Amino acid sequence: MNKARALGFVLGGAALVLLAAWLIWRGAGQIAPVPAFDPRQARLSSATVLNDEKPLPAFSLLGERGNFDNSALAGRWTLMFFGYTFCPDVCPTALLLLKELKAKLAERTIGAPQVVMVSLDPARDTPATLKNYTAAFDPDFIGVTGSDEALAPLVKHLGVYYLRHEQDKNSGYLVDHSAAIYLIDPQGRLKAVFSPPQDLARMSADYPVLVR
């Protein structure tokens, strides 16, 4: 191989290297930047953060004070869960937990959220029944309900499961239901979910981080 041919190979190889480097540089400029890490995420021990961009779908339920709809969520944080007053364990446990959470937040001078229990048993849970039930835990707690059609927007959007068993004239009936607690932001959007089993210490640590 003469010197001219050898020099040609060297120059050609160098050109290919330079072209490859340019293509890599150009491609790198088109890659979307990685979102900045939010250090608050690492501090959460029990909540699953969802940060819905859109508000909850339009809904209208009934409570002791009348209609309870999207406007009732505006301007403040809300903790919402689904159940019924004849629930033997999950619902009273949740209400007691939320009562204790409210007290923990008050000790730290953190504004308490409104607490809303949505009944999945409208046949037995009238607005008055719900008010008496929730007030036994905290007079500020809100109880609302509605027909299956009225419940559907919230149930479908939040992924709530429930199943009413056949009625028994002697012992009544049970309603199987999911036990998550949902955190709704002041714009009426789903912020996070506290999945069961909920823990007071972890919820009281996560809540202030979520509402900042």
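The values are calculated or read from the model by the stated rules, or taken from the named source; none is laboratory data. Since the structure is predicted, the reported quantities are computational estimates derived from the model, not experimental observations. Positions of Cβ are generated from backbone atoms using ideal geometry, with glycine treated the same way; all protein chains shown enter the neighbour counts. Protein only, heavy atoms only, side chains kept; ligands, DNA and RNA dropped before computing areas. Shrake-Rupley method; radii C 1.70, N 1.55, O 1.52, S 1.80 Å.
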Checklist outcome for this item: Listed by chain and number, the residues whose amide H is under 5 Å from that of residue 64, excluding neighbours fewer than 5 places away on the same chain and using placed H, are 143
Checklist entry - Given a Förster radius of 22 Å and the C-beta distance between residue 123 and residue 70 as r, what FRET efficiency does 1/(1 + (r/R0)^6) yield to the nearest 0.05? => result 0.30
Checklist entry - Label residue 212 and residue 86 with points 7 Å out from Cα along Cα→Cβ: what is the distance between them in nm? => result 4.6 nm
Checklist entry - Taking the Cβ of residue 194 as the center, what net charge do the other residues with Cβ under 13 Å away carry, scoring Lys and Arg +1 and Asp and Glu -1? => result 0
Item to check | Label-zone membership for the range 53-92, site residue 161, 7 angstrom Cα→C-beta point, backbone N under 17 Å | outcome: 82-84, 90-91
Checklist entry - Per residue, what accessible area does the range 141-187 have, given a 1.4 Å probe and all protein chains present, in Å²? => result 54 Å²
Item to check | Most to least packed among 148-161, 116-129 [average Cβ atoms within 10 Å] | outcome: 116-129, 148-161
Checklist entry - Between residue 180 and residues 5 or more places away or on another chain, which pairs have amide H atoms under 5 Å apart, with H built 1.01 Å from N, and which residues are they? => result none
